Every structure is written in structure tokens, then in C-alpha cells.
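Reviewing the structure listed below.
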Amino acid sequence: MSTSNETSTTDFEQFLLFLCGAVELLIHFVGIPLSIANLILVARTSVIHPNMKFILLFQSFAVLLRGFCRFIICLFKFILWDPISAEMGLFFPAIIKIGFFGIYSRNYVPHILIIERILATVFVELMSSIEAFCSQWFGFHLR
């Protein structure tokens, strides 16, 4: 009986892990330029209110950050030739934590959008008169 804590995988499992890693690497290879294009389009638009623009830019940045971190992790699966340790964050825990920041931020933004839209609806006269970015809706959320 072995007392080793190492994970042992068969050749077929190893093949499947690398195949899934390659597919994910290709998905992020396509997704990162699309996220950059989305970020640029939102940044250049002048149709939406600056508050909404700020929220959408933050969300786009969070999606880009998560995609970039996952791309690095998938790349290290092949560089280290170890798909399990790369996912666990043994070699680069900071990238895993930055990726989680992107995930949590992206999941947090819909709540901010709902609050901002409710406040914009309730205080339509005030929000219509403000043409620039204002953070009054954000202060409401922090209370």
C-alpha cells in the first residue's frame, strides 16, 4: 500500500486532460481578442450614460482579466506538461487569485447594474440633468 499523496493518472486520462486543455486554450485564444474589441467598442461609444459606460467597462475588463488568466494557466499546462498541478495553482497562485477576482467581479456587476437602473428610474429627473459620471448610485450600494 502506497502512502504517496501524488495523483496518478492513466495515459488515457492524461490524453483527455491535455485535449480539454488544448480546447480551452483555443477558446481563450479567440476570446481574448473579442474581449479586447468589446472593451474598445464600449470605451469609444458616446450613446450610453457615463455611469452605464463605467459599469460596462468594468465588466468587460473583468471578463478580459479572467480570460487572460485562464489562457496563462492553460499555456502552463503544456509548458510544465502537468495539467493537474497547473490547475491547482501550485506554481503561480497569484494568477489563480487574479482570475478569481475577474470571476467575482464579473458576477458582481449585474447587481450593480440593477441598482443603478432602479436609482436612475426612481430619480429620473436628477439622473437626466447629470451628463457626466456620478458615483451617487455607488454610495447607495455601499450602505
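The values are calculated or read from the model by the stated rules, or taken from the named source; none is laboratory data. Worth saying up front: this structure is predicted, and the values here are computed from it rather than measured. A quick note on method: Cβ atoms are made from the backbone with ideal geometry, for glycine too, and the neighbour counts reach across all protein chains shown.
Against the list (1) exposed (fewer than 15 other Cβ atoms within 10 Å of the Cβ); (2) closer than 30 Å to Glu125 by Cα; (3) among the aliphatic types (A, V, I, L, M); (4) modelled with pLDDT of 90 or more, the condition Val23 fails is (2).
Based on what the data block shows, is Ile84 at pLDDT 85 or above, surrounded by 12 or more Cβ atoms within 10 Å (Cβ to Cβ) and part of a helix (DSSP H, G or I)? Answer is no for this residue.
Close contacts from segment 32-44, counting a first residue that is without any contact (Cβ under 8 Å) to a residue 60 or more places away in the chain and outside any helix (DSSP H, G or I) and a second that is buried (at least 16 other Cβ atoms within 10 Å of the Cβ) and not aliphatic (A, V, I, L, M), with Cβ to Cβ under 7 Å and a gap of 6+ residues or different chains, come to none at all. Take the conditions surrounded by 14 or more Cβ atoms within 10 Å (Cβ to Cβ) and among the β-branched types (Val, Ile, Thr) and apply them to Ile112. Does it pass? For Ile112, the condition - surrounded by 14 or more Cβ atoms within 10 Å (Cβ to Cβ) and among the β-branched types (Val, Ile, Thr) - is met. Checked against the criterion of being under 30 Å from Val124 (Cβ atoms) and aromatic (Phe, Trp, Tyr), the candidates Phe61, Phe78 yield just one match: Phe61.
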